[in-house]
Structures are given as C-alpha cells and as structure tokens.
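The structure under discussion appears below in the form of structure tokens.
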Amino acid sequence: MIAFRIDTKSGVPPYMQIVQQVGHALRVGLLDVGDQLPTVKEVVASVAINPNTVLKAYRELERAGFVEGRPGVGTFVTRRPPGPPAGAHIALARSLARWVDKARAAGLDDESIEGLVRSTLYSDRDAGEGAA
Amino acid sequence: MTWLVWRQHRTDALFALGALAVFVLVAALTGVHMAGTYHAALHSCAATGSCDSVGDHLFSGDGAIIDLINLTVIVPVLIGVFWGAPLLAREVEQGTHKLIWTQTVTRRRWLAGNVVAILAAATFIGVALTVTVTWWSRTFDLIGHNRFQPGHFDVQGIVPVAYALFGATLGLAAGALLRRTLAALAATVGVMVALRVIVVNYVRPHYVTAVTKLVSLTAASSGVDGSSWPLHTHIVDSKGINVTDNGNLVAAMPNACRRLIGPGRVGVESCLDRYGYRMQIMYQPANRFWTFQVIESGIFVALAVVLVGAAFVLVQRDA
Amino acid sequence: MTTRVAIAPVAIATHDLTKQYRAKTALSRCSIEVPEGSVSALVGANGTGKTTLLQILAGLSQATRGEAEVLGRAPTQDPAFLAEVGFLAQEIPLYRRMTANDHIGMGAHLNRRWDSAAARSRVESLDIPLDQPVGTLSGGQRAQVALTLALAKRPRVLLLDEPVAALDPLARRQFIAALGVAVADGDLTVLLSSHLVNDLERVCDHMVLLADSRPQLCGEIDTLLAEHKVLIGPRRDTSVIERAHTVVQAETTARQTTLLIRVRGPLIDPSWEVHDVALEELVLAYMGRAAELSRARQVMGAAG
C-alpha cells in the first residue's frame, strides 16, 4: 500500500498530484499489477483532502487504464505504464547520482544542475520533434 | 425536551427544594410554638378578663421569624431573576441557542418545554410557601390583625402562587426581549417592584367599592372591626362635605365650636356633633379577603399569560 | 454569473437574498448555487456577510428579501427541514458544564435521526474524554465534539461558520480530515466559511466568494482556476484584452503590465506571457476589486 503526499503550494491540482504519485509508484515498482490502492476514506483521513478529489484522480487513472474500481472492494492496479521495467529506473538513478556527484565536483550548484538538466531535456525534445 | 430541561436545571431545582425544606421546617417549629404561647395567654387573660388586648405584646420577641415570613414576598422576584430571566438570555449569551435551535425541535416546542417546567416549578414553590405561611399566620389572624396589609395579604391565600407565575414569566419575557441576563434581571426586579407598589397603593383599594360609615364624633368606638382594612377617615359637615382634607376644618367650624379649641378647653367634639359634623370612615370589611385574593390573582395570572405569549413571539426573532 | 455545467442537483440555492439590519446591509442580492455532494468554501473578509448567509440557510435568521432553498425547502422552523441541516456556529457553542456524553444524549432526545453509537466512538477515537465537562476540553477537542454532534444528526447539508479559525494547525488538519471522511461516507453537502483560503483549499472543491456583501465568484474551484489566467507583458494599452475578456486586476509598472483576467475566448496575442493562477491569488484579486468598486460607489454617492 502506498501513502500520498499533497502539497497545496505546488500549483499542481491535488487530484493531479495523486495521479502523478500513482504513476511514479508504478514506474519505480512500488506498485504492481493486482495491488490495491488506498480507499478514498483512507486517503481523506490521512492527508485531509476532499474525497471528490481522490475519486477524480482514481477516475483519471481508470480512464488511462492503469487501475480498475471493483465496487464494494476497492481500486486495483491492472496495468503498468509502458516503459522500461522497474529495474531500469534503479540502474539509471544510480548512474545519475554518479553524474550529479561529478557535476558538484566541477563546482556546479543545485540550481545550475537543474538548469542544465532542463535545457538538455528541452533541446533534446525539440530536436526529436524537429526530426519527426 | 423534559430530559434537557432537567439536565440543565437539576442543580438549581435541588437547591431550591433544599431551601424550601429549611423554610418549611423553621415555620413549622415557630408556628407550633406561637400557637402554644397564644393558647397559654388566653388561659391567663381569661382569669383577669383582659383578653381584648391579648395580642398587643404577645409576639414582640419574634421579630426575626416575622421578618422571614414577610420576606417570602420576594420569592416571586427571585424566581424571575434566577430562573425566568436567564432561560433564554443565557442561551443567547453563551451562543447555545444556535446549537439547540438547529436540532430537530422547533423553537416553539423548545420554549414550550421550558415554559411548562418553569411554570410548574413556580406553582410548586408558590403553593408550598403559601400553605406554610397561611398556616403559620393563623395565630395572627385569630388575634384579629388586618389581613389586607401587604405583609399579610401578599404572602397568604392564593396570590403568592399568582405572583410566582407572574415573576417567572416576567423574567422569561424580559430575557426574550433583551437577550442579556443582567439587563433582563434588572428589568425583572424594576418592573416587579414598580408594579407591586402601584397595585398595593392605587389599585388594590378599589377592587370592590369601599364601605362608607358615618360615626358620631363622640362615640367611644368607630364600630369598625379591627381586622378590616381602613382606607380613609375624615370629618364631614352636615352637608356631607369633607372638611378635613382641604385643611380648613378650623375655618369651616361654627364660631361656637371654634372657641372651644385651645389648651385646657374641652367639648369641641360634642359641639361639632351638635352641628351635624360626623366622622366618615371608608373601609374594606374583613370578609372581603378572599374576593380580593381572587381579583388580584386574576390580574397577575392574566399578565403572566400575556408575558408567555410575548415570549413565544420574541423567540422567533433572528438568532 | 458562472458557466458551470450542472452535473449534480443543487443542494443550496439563493436568489437575490438580502439581509438588512437597521443601518447596515449585511447581505445584498446574493445569488449562489452549491451542487449536491460538494464541499464548498464560503470565502470572504470579515464582515462580508458569511455568517449572515449561513444563519439564514440554517433557519436561524430571516432574510429581508429574496429566496433561499436548502434541499428544495425554504429554511423554516419545520422539523422536516431542521432534520436535514446541520449547523456549527463560529463560537462553537456547547454547554460548558455538560459532558460530551450528555451532549450526545441530548441530541438523542432532540432529533428523530441520531447516531449515538457512531458519535461516541468518534469522540473516543479522537482520545477525547466522554465524561468530562466540555468546558475543560481544549479548543480543538471542543470543535471536534461540536462537529461530532452536527454529524450525529446525519444531516444532508452541513453549514459550518469559521470552524477552523480558533484551532491550532494540528487540530485544524484533524478537523478537515474528519470533515472529508464524513463527506466520503456519502450524501452530504458542506458549506463552510473562512476568511483564509489556505485552510480550505485541500478539502473544498467548490467556492463561493463574498466581498462587499455580494457574491463575486461561485463555482467549481478547478473550473474557476482554469477560467482565470495571469498575463504578463510589456506596458501598453490593454483595451483589446478588456474587450475580449474580463480584467479582474491590472497592475502596471513603468515597463510592465500584469493582468489577472477571466478568459472569455481564445487568447491570440503571443506577446503576453500566460500563467496559471493560484487560488489564493484569485481570491485576493476579487476581494481587491470589490473593495475598489465599493470605494468608487461611496465616492459617487458622496458626490451625488
């Protein structure tokens, strides 16, 4: 079972935060097919948000085909998002950690590292789109 | 409703019951004692033939208990102040009216439950007090005291019950109107005292037309029973004109009589009597006591009904 | 004023609701709609009519003009109406010398529908003593007892006046969680007032914004946020934007113009940088606008 964290200052709507956190948990292997998501009441009691928000998030996940609501039982994971298996994330995370260490050693602060990652991502995406 | 009323007021109710029990006990002990003293005095006066004045000095040592009995006249005010005034006002002050008026009970029903309870309590206390005091006072009544005096009339018979009902509803209506306990309390005391003073002095004497009696100025006794309520006594001339009140008795006198006024002179009364002057006495006979009790009770019960009606209208105002 | 598509039936509706005290207008032509099943935030500065509106809806006050409907009924002194509506006043009224247990017993005597068992277990689960006079409890505990009483009635509409104002952050969080669980249990619409929007952002999905005794905004929070944008661009004439959209707030510096607008159509001008708007920003913008309009009206009134 996973626990959610809602940050009202982030600007991301709370229901979207739940969708993203479920997606992340699926990608990194915290959740697998057949696992049950916390019930609406459990989520509401632990993070103090509107139950409709949780319902909206679960509906969104259901529409995307990742989970399935079984009336009177709960919401269960039916499919993992496409992408590499969970192990791939772990390996990539390790090599990213090594790269971050290297960048820090070169004198970059966190802000510069973030900026570098973001610009690399965007230039890469633009290049990809241009190629398509 | 009954459950809530009892839960909220059980402490007050038990306290009142305790105070009442102490009072009844004190009255019972002293009442028995006074009856014994009176009967003993009757025995001894019969021997000397002085029974006409037996009551004059009989209970002069019992001032404290007589004061206590007379003080029961303020009990209706206390009921109004401690039970009537806070009934609605304290709820509003503490905000609990918003709790209670949003349960599945209409304000009317909530008020009805409370009104029934407070009227029952007031009736109970009024009856208990008046039964005790009326019983206690029977020795005084035997002596032939004037039972119309405020110290007697107001604490005996049925009016104490009517006053208690009026006091309770006056407090209730004041609380419903002012919605502040302290203000309602002051209004209750003020209105009650003012109304009682007005009734005793200006209204009560006129419930029934007073009996008028003309007595010779030379008569040894007025012939009016000492337990009656004398309202007015003055001298009238032969034409029936009141010559006392406008202060011109001496000026209006025949010269023959005026000469008899002065130190060491006598006979002015018999002189005036010859000229047709008479003593005019207006009074309420003792046997009208219960008529007066019923009339006065009727007035205060009617006022209580009006006040309860007012409270039911006022409770509908915005919370 | 809102283009919300009604997906749920309306639980609370008012039309031109006005409350006039002797010299003061507490509520002026207030028309709102709250859909069934929503948790609606009644937001506004102090003294803008939030309490007046809630008390009229709870049947505690009478409107001077206009209509109000709660679950299709006008608020009245009718047991059928009172049974459906729970109300918690700002001062969290309880009988200080009575215990939580006494209060629960009282509710059982005063209501047709009353869940004593659920109320007791709720109080116990919060570690609040059942047999201690409520006057000895903390503010947070009293608020929880009062909410328990309001919920034990099993109302279909719950009206809460500044319920978290007096609570510390932990008690506030617990209260809001409790409220959310009650809504998750089904068939409950909540309208709760607050002068702070942060407390309510988590739990509310609908908002009514009162300013200057009038409703300024009423709708689903997500929809309202999507309908509003912040535009940042070089300083210039904004009349084109004003014709196409509603400008809620405009700020100009020597070089820059920042607009908060309600979007009424496509945004075509590429020279504006478009940002999403946060709820608090939106609320403050509307409050500021209402204050300005009110000042302008007063000036006009004084001039006329």
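Would you mind finding the one in B:LEU231, B:LEU214 that is open to solvent by 80 Å² or more (accessible area, probe 1.4 Å), at pLDDT 85 or above and touching a strand residue (DSSP E or B) at 6+ places or on another chain (Cβ under 7 Å)?
Details: B:LEU231 fails: open to solvent by 80 Å² or more (accessible area, probe 1.4 Å).
Exactly one residue qualifies, and that residue is B:LEU214.
So for region B:288-305 (the condition being open to solvent by less than 30 Å² (accessible area, probe 1.4 Å), outside any helix (DSSP H, G or I) and either within 14 Å of chain C (Cβ to nearest Cβ) or farther than 20 Å from B:ILE79 by Cβ (or both)), does at least one residue qualify? No: zero hits. With respect to (1) modelled with pLDDT of 90 or more; (2) away from chain A (no Cβ under 12 Å), the lone exception for C:ASP212 is condition (1).
Counting only residues that are within 22 Å of C:SER121 (Cβ to Cβ) and basic (Lys, Arg), how many does region C:171-184 have? Let's see the steps before the verdict.
Quick first cut of region C:171-184, residues within 22 Å of C:SER121 (Cβ to Cβ) only: C:171, C:173-184.
Remaining after also requiring basic (Lys, Arg): C:173.
Looking only at that region, the number is 1.
Sort out which residues of region B:66-96 are within 8 Å of another protein chain (Cβ to nearest Cβ) and buried (at least 19 other Cβ atoms within 10 Å of the Cβ), and write them in order of number. Full working, then the answer.
First, pick out the residues of region B:66-96 that are within 8 Å of another protein chain (Cβ to nearest Cβ): B:94-96.
If the condition is that a residue be within 8 Å of another protein chain (Cβ to nearest Cβ) and buried (at least 19 other Cβ atoms within 10 Å of the Cβ), then B:THR96 is the only one that fits.
Looking only at residues of region B:260-287 that are of a type in the set (S, T, N, Q) and under 38 Å from the mean Cα position of the chain (by Cα), we find that the one that is farthest from the other protein chains (Cβ to nearest Cβ) is B:GLN280. All of (1) of a type outside the set (S, T, N, Q); (2) open to solvent by 30 Å² or more (accessible area, probe 1.4 Å); (3) at negative phi; (4) in contact (Cβ under 8 Å) with a residue 40 or more places away in the chain hold for C:CYS204 with one exception: (2). Is it the case that some residue within region B:174-182 is open to solvent by 10 Å² or more (accessible area, probe 1.4 Å), at positive phi and not in a helix (DSSP H, G or I)? Checked against the condition, which is being open to solvent by 10 Å² or more (accessible area, probe 1.4 Å), at positive phi and not in a helix (DSSP H, G or I), region B:174-182 yields at least one hit.
Which one is nearest to the other protein chains (Cβ to nearest Cβ), of the residues in region C:34-55 that are of a type in the set (Val, Ile, Thr) and in contact with an Asp or Glu (Cβ under 9 Å, 6 or more places away or on another chain)? Don't jump to the end; show me each part of the working.
Keep residues of region C:34-55 that are of a type in the set (Val, Ile, Thr), which gives C:34, C:39, C:43, C:48, C:51-52.
With in contact with an Asp or Glu (Cβ under 9 Å, 6 or more places away or on another chain) added as a condition, the list becomes C:39, C:48, C:51.
Details: C:VAL39: 5, C:THR48: 18, C:THR51: 10 Å.
Ranking the qualifying residues of region C:34-55, first place goes to C:VAL39.
Could you tell me how many of the residues in region B:8-45 are within 14 Å of chain C (Cβ to nearest Cβ) and in contact with a helix residue (DSSP H, G or I) (Cβ under 6 Å, 6 or more places away or on another chain)? Step through it out loud before you land on a result.
Start the filter on region B:8-45 by keeping residues that are within 14 Å of chain C (Cβ to nearest Cβ), which leaves B:8-12.
Of the ones still in play, those that are also in contact with a helix residue (DSSP H, G or I) (Cβ under 6 Å, 6 or more places away or on another chain) are none.
Residues that pass the stated criteria total 0.
Hey, any hits in region B:188-206 for a residue that's of a type in the set (Val, Ile, Thr) and not assigned by TED's automatic domain parsing to the domain that holds B:GLU296? No, region B:188-206 contains no residue that is of a type in the set (Val, Ile, Thr) and not assigned by TED's automatic domain parsing to the domain that holds B:GLU296.
Would you be able to tell me the number of residues in region B:255-283 that are in a loop (DSSP other than H, G, I, E, B) and surrounded by 15 or more Cβ atoms within 10 Å (Cβ to Cβ)? Residues in region B:255-283 being in a loop (DSSP other than H, G, I, E, B) and surrounded by 15 or more Cβ atoms within 10 Å (Cβ to Cβ): 2 in total. Take the residues in region A:44-62 that are of a type in the set (A, V, I, L, M) and within 17 Å of the chain's Cα centre (by Cα); name whichever of them is nearest to the other protein chains (Cβ to nearest Cβ). Ranking the candidates gives A:VAL54 first.
If I ask for residues that are part of a helix (DSSP H, G or I) and over 16 Å from C:LEU188 (Cα atoms), which ones from region C:55-74 would you list?
C:GLN55, C:ILE56
Of the conditions (1) without any contact (Cβ under 8 Å) to a residue 24 or more places away in the chain; (2) not assigned by TED's automatic domain parsing to the domain that holds B:ARG109, B:GLY309 fails just one. Which one is it? Evaluating B:GLY309 over (1) without any contact (Cβ under 8 Å) to a residue 24 or more places away in the chain; (2) not assigned by TED's automatic domain parsing to the domain that holds B:ARG109 leaves (2) as the failure.
Given the residues A:GLY69, A:GLY83, A:GLY65, which is the only one that is within 24 Å of C:ASP222 (Cβ to Cβ), touching a Lys or Arg at 6+ places or on another chain (Cβ under 7 Å) and more than 14 Å from chain C (Cβ to nearest Cβ)? Exactly one residue qualifies, and that residue is A:GLY65.
Within region C:93-140, work out how many residues are among the polar types (S, T, N, Q) and open to solvent by less than 50 Å² (accessible area, probe 1.4 Å). Walk me through it before giving the result.
In the first step, residues of region C:93-140 are kept if they are among the polar types (S, T, N, Q); the result is C:99, C:101, C:111, C:116, C:121, C:125, C:132, C:136, C:138.
With the extra rule that they be open to solvent by less than 50 Å² (accessible area, probe 1.4 Å), the set shrinks to C:99, C:111, C:116.
Total meeting the criteria: 3.
Is it true that B:ALA121 is over 30 Å from C:ALA150 (Cα atoms), of a type in the set (A, V, I, L, M) and away from chain C (no Cβ under 14 Å)? Taking the combined requirement at face value, the residue satisfies it. Check region B:188-211 and report whether any residue there is over 22 Å from B:GLY309 (Cβ atoms) and crowded, with 24+ Cβ neighbours inside 10 Å. No, because not a single residue in region B:188-211 is over 22 Å from B:GLY309 (Cβ atoms) and crowded, with 24+ Cβ neighbours inside 10 Å.
Summed over region C:105-125, residues that are under 27 Å from the mean Cα position of the chain (by Cα) and more than 9 Å from chain B (Cβ to nearest Cβ) total 5. Going by what's in this entry, would C:ASP168 be described as within 13 Å of C:ARG120 (Cα to Cα), open to solvent by 30 Å² or more (accessible area, probe 1.4 Å) and out of contact with any Pro (no Cβ under 6 Å at 6 or more places or on another chain)? It is false that C:ASP168 is within 13 Å of C:ARG120 (Cα to Cα), open to solvent by 30 Å² or more (accessible area, probe 1.4 Å) and out of contact with any Pro (no Cβ under 6 Å at 6 or more places or on another chain). Among the residues making up region A:103-132, those that are surrounded by 10 or more Cβ atoms within 10 Å (Cβ to Cβ), modelled with pLDDT of 85 or more and over 22 Å from the mean Cα position of the chain (by Cα) are A:ALA103, A:ARG104, A:LEU108, A:ASP109, A:SER112.
State yes or no: is B:GLN293 farther than 30 Å from B:LEU217 by Cα and not charged (D, E, K, R)? Give the steps one after another, and end with the answer.
Details: farther than 30 Å from B:LEU217 by Cα: yes; not charged (D, E, K, R): yes.
Here the answer is yes, as B:GLN293 does meet what is asked.
Residues checked against (1) under 30 Å from C:VAL248 (Cα atoms); (2) within 13 Å of another protein chain (Cβ to nearest Cβ):
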position: C:ALA152; (1), (2): no, yes
position: C:LEU160; (1), (2): yes, yes
position: C:ALA171; (1), (2): no, yes
position: C:GLY186; (1), (2): no, yes
position: C:ASN198; (1), (2): yes, yes
position: C:GLY219; (1), (2): yes, no
position: C:THR223; (1), (2): yes, yes
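Note on region A:1-41: residues that are more than 9 Å from every other protein chain (Cβ to nearest Cβ), part of a helix (DSSP H, G or I) and open to solvent by 70 Å² or more (accessible area, probe 1.4 Å) amount to 3.
The values are calculated or read from the model by the stated rules, or taken from the named source; none is laboratory data. Treat the numbers as computed from the prediction; the structure is a model and nothing was measured. Glycine gets a Cβ as well: all are built from the backbone with ideal geometry, and neighbour counts include every protein chain shown. Heavy atoms of the whole protein, side chains included, go into the accessibility calculation; ligands, DNA and RNA do not. Shrake-Rupley method; radii C 1.70, N 1.55, O 1.52, S 1.80 Å.
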